[in-house]
1. Criterion first (of a type outside the set (Asp, Glu) and closer than 23 Å to Thr8 by Cβ) does Leu108 satisfy it?
2. List the number of the failed condition for Thr8; all other conditions in (1) in a strand (DSSP E or B); (2) open to solvent by 70 Å² or more (accessible area, probe 1.4 Å); (3) in contact (Cβ under 8 Å) with a residue 60 or more places away in the chain hold.
3. Do you know which residues across segment 44-61 are outside any strand (DSSP E or B) and β-branched (Val, Ile, Thr)?
4. Which residues, counting only those in segment 77-98, are outside any strand (DSSP E or B) and open to solvent by 40 Å² or more (accessible area, probe 1.4 Å)?
5. Of the numbered conditions (1) basic (Lys, Arg); (2) closer than 18 Å to Pro114 by Cα; (3) within 13 Å of the chain's Cα centre (by Cα), Lys77 fails exactly one; give the number of that condition.
6. Looking only at segment 54-68, count every residue that is surrounded by 15 or more Cβ atoms within 10 Å (Cβ to Cβ) and either more than 17 Å from Leu109 (Cβ to Cβ) or within 11 Å of the chain's Cα centre (by Cα) (or both) and tell me the total.
7. Quick test of your reading of the structure: Trp37 fulfils all but one of (1) among the aromatic types (Phe, Trp, Tyr); (2) open to solvent by less than 40 Å² (accessible area, probe 1.4 Å); (3) in contact with a His (Cβ under 9 Å, 6 or more places away or on another chain); (4) without any contact (Cβ under 8 Å) to a residue 60 or more places away in the chain. Name the failing condition by number.
8. If you go through segment 74-110 one residue at a time, how many are within 11 Å of Phe17 (Cβ to Cβ) and of a type in the set (Lys, Arg)?
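The values are calculated or read from the model by the stated rules, or taken from the named source; none is laboratory data. Keep in mind the model is a prediction, meaning the values are calculated, not measured. A quick note on method: Cβ atoms are made from the backbone with ideal geometry, for glycine too, and the neighbour counts reach across all protein chains shown. The protein model used for the area step is the full one, side chains on, heavy atoms only, and it has no ligands, DNA or RNA in it. Shrake-Rupley method; radii C 1.70, N 1.55, O 1.52, S 1.80 Å.
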Amino acid sequence: MENGYFNTELKILCCIFQQIKKWNCPNLSAPYWRLYWNQNEGASIYLDGKETVLTPSKLIAIAPNTPFRASLTTPVKHFYLHWTAAHPFENIEPAVFSFPVSPHVRDLLNKLCP
């Protein structure tokens, strides 16, 4: 029988909502998780040549040590949360995950990010 135990410890490193005017970065790899949500369109991230457009209808999670680049075509209101997680979530393969924003989550985000 496999042990299903895992450590649920999370450490929030930062949680910020701000207007960004410059975000053209060639390598944003870091040893922590990232969660992105933009209140408007204008930013993209790229992993292995594949573009992921940041929109109000998507939450984007980026695994630790994922080498990606970012670009900005117009200023955006950008929410980001950086955190570390214990086993087994600290050793996820480099990846970008996209999740649809439900109406309920959108309401919460708009309250959190006025």
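1. Working: of a type outside the set (Asp, Glu): yes; closer than 23 Å to Thr8 by Cβ: yes.
It is true that Leu108 is of a type outside the set (Asp, Glu) and closer than 23 Å to Thr8 by Cβ.
2. With (1) in a strand (DSSP E or B); (2) open to solvent by 70 Å² or more (accessible area, probe 1.4 Å); (3) in contact (Cβ under 8 Å) with a residue 60 or more places away in the chain applied to Thr8, the lone miss is (1).
3. Filtering segment 44-61 down to residues outside any strand (DSSP E or B) leaves 48-49, 55-57.
Hit for segment 44-61 is Thr55, nothing else.
4. Taking segment 77-98 first, the residues outside any strand (DSSP E or B) are 86-95.
Within segment 77-98, His87, Pro88, Phe89, Glu90, Asn91, Ile92, Glu93, Pro94 meet the criteria.
5. Condition not satisfied by Lys77: (3).
6. 10
7. Going through the list (1) among the aromatic types (Phe, Trp, Tyr); (2) open to solvent by less than 40 Å² (accessible area, probe 1.4 Å); (3) in contact with a His (Cβ under 9 Å, 6 or more places away or on another chain); (4) without any contact (Cβ under 8 Å) to a residue 60 or more places away in the chain, Trp37 breaks only (4).
8. Count: 1.
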